[in-house]
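Novice: Below: one structure in C-alpha cells.
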Amino acid sequence: MEFRLLKADEIDVRVAQVKESGCSLLLYKDARVDMNILDTTIGLGNWQRRHYECKGNLFCSVGIKIGNEWVWKDDAGAESQAEKEKGEASDSFKRACVNWGIGRELYTAPFIWIPSSEISIVSKNGKATTYDKFEVTKIAYTDDRKISGLAIWRLANKDKDRKRVFVWQGGTNE
C-alpha cells in the first residue's frame, strides 16, 4: 500500500535553531493531515488507532484493514512543550503513520538555512530568537519519493513583508 505524497499546504514549518547569523527550519506534518490521507485513501472505516503505554512511553498503533485482516504498525511519541499528554498522543500517531509511509518524504528534506538578512532576530534572555513564521509554497518530488524542489516564504510581520526566503532544487540552494 502506497500513500500519496504530501502537498505544500499540508507541510508545516518550524524554527529549529536561531543564531545571530540566521535560523534553520524543519518541515513537519500534523495529525489532521494523517487522518485526512487515511480517510481519503483507504476510507473512514478501514483504519483505526489505539494508544497504549509501554515502559513509561505512550505508543500509538495504527491499523489498516487489508482484505479481511487488520495490519498494525506502532511507534512511540514524545511530549510537547504545550500540552504534553495531547502532544505525546499526537506525536505517537504521526510517527506510526510515518511507519505506513505517510509523510516519510519529509526525511529527505535539505538543510534549510535562512540568513539573518531575511528574518527578524531579537534577543530573549541573552539568546537569539525569531518570532517569524514560514510556509512551504512549492514542493517537488523525484520518482523515488524524495524531495527534489522546495520553496519557503516568510509570512508578513510587523517588521517585514511576505517574501520568498528559501529555494532549493535538487541539491542547490539559492
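The values are calculated or read from the model by the stated rules, or taken from the named source; none is laboratory data. Keep in mind it's a predicted model, so treat the numbers as computed, not measured. Backbone-built Cβ (ideal geometry, glycine too); neighbour counts: all protein chains shown. Ligands, DNA and RNA are stripped out before the accessible areas are found, and what is left, the full protein with its side chains, is counted by its heavy atoms. Shrake-Rupley method; radii C 1.70, N 1.55, O 1.52, S 1.80 Å.
Novice: Take the solvent-accessible surface of the protein heavy atoms, probe 1.4 Å, and return the percent of it on the chain that carbon and sulfur atoms account for.
Specialist: So the carbon and sulfur contribution to the accessible surface is 46 percent.
Novice: Top mean-square fluctuation among SER148, SER92, SER116, Gaussian network model of the chain, C-alpha springs under 10 Å?
Specialist: Looking only at SER148, SER92, SER116, the largest GNM fluctuation is found for SER116.
Novice: Now for a different question. Could you work out which residue, out of LYS158, LYS133, LYS55, moves most in a Gaussian network model of the chain, that is, has the largest mean-square fluctuation with Cα springs under 10 Å?
Specialist: Looking only at LYS158, LYS133, LYS55, the largest GNM fluctuation is found for LYS55.
Novice: Extending each Cα 7 Å along its Cβ direction at ASP143 and LEU155, get the distance between those two points in nm, one decimal.
Specialist: Distance between the two pseudo-spin positions: 3.8 nm.
Novice: Also, quick follow-up: Could you size up the charge dipole of region 89-130 around its Cα centre, putting +1 on the beta carbon of Lys and Arg and -1 on that of Asp and Glu, and report it in debye to the nearest 20? Could the numbers behind the result be given before it?
Specialist: Values: 5 positive and 3 negative charges, 34 e Å.
Charge dipole, region 89-130, about its Cα centre: 160 debye, nearest 20.
Novice: Take the cross-link list LYS55/LYS94; LYS7/LYS86; LYS7/LYS158; LYS19/LYS94; LYS94/LYS124 and give me the ones stretching past 23 Å between alpha-carbons.
Specialist: Over 23 Å Cα-Cα: LYS7/LYS86; LYS7/LYS158; LYS19/LYS94; LYS94/LYS124.
Novice: Can you tell me the dipole magnitude for region 1-160 around its Cα centre, using point charges on the Cβ only (Lys, Arg +1; Asp, Glu -1), in Debye to the nearest 20?
Specialist: 240 debye
Novice: In whole Å, what is the distance between the alpha-carbon centres of region 111-130 and region 10-41?
Specialist: First find each Cα centre; the distance between them is then 19 Å.
Novice: Please sort by residue number the chymotrypsin sites (Phe, Trp or Tyr not before Pro) in region 95-174 whose DSSP state is loop and whose Cβ has at most 16 other Cβ atoms within 10 Å.
Specialist: Hits after loop and neighbour filter: PHE111, TYR131.
Novice: Find the Cα radius of gyration of region 3-61, compare it with 2.2 N^0.38 Å by division, and give the number to two decimals. Write down the numbers at each step before the final one.
Specialist: Values: Rg = 16.3 Å, N = 59, 2.2 N^0.38 = 10.4 Å.
In units of the 2.2 N^0.38 Å rule of thumb, it is 1.57.
Novice: Further question: For region 53-134, compute Rg over Rh where Rg is the Cα radius of gyration and Rh is the Kirkwood radius from the inverse mean 1/r over Cα pairs.
Specialist: That ratio equals 1.15.
Novice: Taking the chain as a Gaussian network, where each spring joins two C-alpha atoms under 10 Å apart, which residue of ILE66, ILE102, ILE121 fluctuates the most?
Specialist: Residue with maximal mean-square fluctuation among ILE66, ILE102, ILE121: ILE66.
Novice: Just going by the charge dipole of region 1-62, with Lys and Arg at +1 and Asp and Glu at -1 on Cβ, which of ILE11, SER61, GLY22 is farthest out on the positive end?
Specialist: Ranked along the dipole, the leading option is SER61.
Novice: Under a plain spin-label model, where a point goes 7 Å from the Cα along Cα-to-Cβ, how far apart in nm are LYS73 and TYR52?
Specialist: Reported label-point gap for LYS73 and TYR52 is 1.9 nm.
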